[in-house]
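Q: Mind having a look at this structure? Questions to follow.
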Amino acid sequence: MNRKFAAVMAGLMLTAALTGCSAKQDVEQPDIYVICKSKDSYWDTTRWGAVDAGEEMGLNVYYEAPETEAEIDVQIQMVRDAIAAGADAIVLAPLDTDALNDVLQEATAQGIPVLTIDSDVSYEGRAVCVSTQNQSAGAIAARESADLLEGEGEVGIICHKADAQTAKERMGGFVTELDGSLLVADAYPHIKVVDVKYGEGDVERSKEGTKQLIEEHPDLKLVYATNQPGTVGACKAIEELGLGDQITLVGFDYFNGADAYINSGILDGVITQNPYNMGYLGVRYAKKLIEGDIVPSIVDTGATYVEAANLNDADIQWLLDPIVDRPAFKD
Ligand code: BGC
């Protein structure tokens, strides 16, 4: 077993899973390697989904992620390590659309099924992608924004990365929806996207980017942030500038503390993904592939708009916190 992988194993005590401790894995059970994008707490929910699926389905689940989303080479090495360790399947949230293709090809050449979660790769040999349909999620954000703007105003975007598939689609879906479609040409003629700043998945950079948007565009009415650090940074910027009444904010990815920003009117709404189901279904489909079952090529885990009006609904609360009361992972 590769020592670099924290041993988070299905069928073990909760404490064992949390400390990544070294109890012996079940040698009879298939080994699923789940590799996410970073150690950011966003991924804890995905990890719990994977751990739960492994426990319920009798699989050894090994989890790993680079420190930050900038470490593509580290992630490539993690896939290589999983192959060397004898993985039966690899579930990957890829940091780049193309950069992992070669190593994934090595995996499939050795008969190891590869599944993607959260984001996809361009390698056609991956078996299934379990993710949000980000283009549609961007379109939902656009329609909600247009409603909040009552059809009129300047918009700035805090995008998480110029080259990430999720970012391109969330922005593309947003702008396309505002521009109109074949059915509704020029859908919102009085709404204009005036600028895009890149937060690089970092709260501070997203906060500074939001402040720049506001300074450089005095008529700006709405900010759309395309991921969690972007949304947190935009909330902080608008709060620090005391502009909660003047700037509307539509974000992406619910986070701890978002309810306070929603209730105070700084955050108007947030597109919420289902990271728990990405982890859970990624492992479930890995099992199916190991057993030789046919799986769909794409699985949509959905996107839900959360705002003050539905924040306290029971189904929304469950979506926002599917891992109620579980402590944070220590590794
Ligand atoms: C995206 C992930 C990203 C995460 C944290 C989510 O919105 O789906 O791709 O890694 O935000 O930045």
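The values are calculated or read from the model by the stated rules, or taken from the named source; none is laboratory data. From a predicted model like this one, the values you see are computed outputs, not experimental measurements. Using ideal geometry, Cβ is built from the backbone for each residue, glycine included, and neighbour counts are taken over all protein chains shown. Each accessible area value is taken on the protein alone, full model and side chains, heavy atoms only, with ligands, DNA and RNA left out. Shrake-Rupley method; radii C 1.70, N 1.55, O 1.52, S 1.80 Å.
Q: Computed FRET efficiency, Cβ-Cβ of Asp315 and Glu67, R0 41 Å: what is it to the nearest 0.05?
A: Details: r = 34 Å, r/R0 = 0.84.
Taking R0 as 41 Å, the efficiency between Asp315 and Glu67 is 0.75.
Q: Report relative contact order for region 134-272 in percent, whole number only (criteria: Cα-Cα under 8 Å, sequence separation at least 6). Write down the numbers at each step before the final one.
A: Values: 296 pairs, mean separation 34.0, N = 139.
Taking the mean separation of contacting Cα pairs over the length of region 134-272, I get 24 percent.
Q: Given the -39500 (n - 2.57) contribution per DSSP H run of 4+ residues, what per-residue ellipticity at 222 nm results for the chain, rounded to the nearest 500 deg cm²/dmol? Display every interim value, and only then the final one.
A: Details: 11 runs with 132 residues, N = 331.
The per-residue figure over the chain is -12500 deg cm²/dmol.
Q: Suppose a student asked you for the relative contact order of the chain, using Cα pairs under 8 Å spaced at least 6 residues apart; what percent would you report? Let's see the in-between values first.
A: On the way: 713 pairs, mean separation 62.0, N = 331.
About 19 percent, as a whole number.
Q: Sticking with this one: Compute the Rg/Rh shape ratio of the chain: radius of gyration over Kirkwood radius, all on alpha-carbon atoms. Walk me through the numbers before you get to the answer.
A: Details: Rg = 20.3 Å, Rh = 20.4 Å.
Taking Rg over the Kirkwood Rh, I get 1.00.
Q: Still on this model: Accessible area of region 43-99 with a 1.4 Å probe: how many percent of it is carbon plus sulfur? Walk me through the intermediate numbers first.
A: Values: 790 of 1750 Å².
C and S atoms contribute 45 percent here.
Q: Could you name the lysines whose alpha carbon sits less than 22 Å from that of Lys221, not counting residues in the same chain fewer than 8 places away?
A: Lys192, Lys197, Lys207, Lys211, Lys236
Q: Something else: Exposed loop GluC sites (Glu not before Pro) only (DSSP loop, at most 15 other Cβ atoms within 10 Å): please give the longest stretch of the chain free of them, not including the sites. If you can, show how the numbers build up before the last one.
A: Values: sites that count: Glu28, Glu67, Glu124, Glu150, Glu152, Glu291.
Here the longest segment lacking exposed loop sites spans 153-290.
Q: Right, something else. What is the percent carbon and sulfur in the accessible area of region 134-272, measuring with a 1.4 Å probe over the protein chains and ignoring ligands?
A: Accessible surface attributable to carbon and sulfur in region 134-272 totals 45 percent.
Q: Which whole-number value in Å² is the accessible area per residue of the chain, probe 1.4 Å?
A: Details: 14440 Å² over 331 residues.
Computed with neighbouring chains in place, this is 44 Å² per residue.
Q: Say the dipole of region 208-331 comes from +1 at the beta carbon of Lys and Arg and -1 at that of Asp and Glu; which of Val250, Ile290, Asn274 then lies farthest toward its positive end?
A: Of the listed residues, the answer is Ile290.
Q: Further question: Note down the magnitude of the dipole of region 134-272 about its Cα centre, charges +1 on Lys and Arg C-beta and -1 on Asp and Glu C-beta and zero elsewhere, to the nearest 20 debye.
A: Values: 11 positive and 24 negative charges, 63 e Å.
My answer is approximately 300 debye.
Q: Indicate, rounded to the nearest 5 percent, the antiparallel portion of the DSSP beta bridges found entirely in the chain.
A: Working: 6 of 42 bridges.
That works out to approximately 15 percent antiparallel.
Q: What does DSSP give for region 134-272 in terms of the percent of beta bridges that are antiparallel, rounded to the nearest 5? Kindly include the intermediate steps, with their values, before the conclusion.
A: On the way: 1 of 19 bridges.
Taking every DSSP beta bridge with both residues in region 134-272, the antiparallel ones total about 5 percent.
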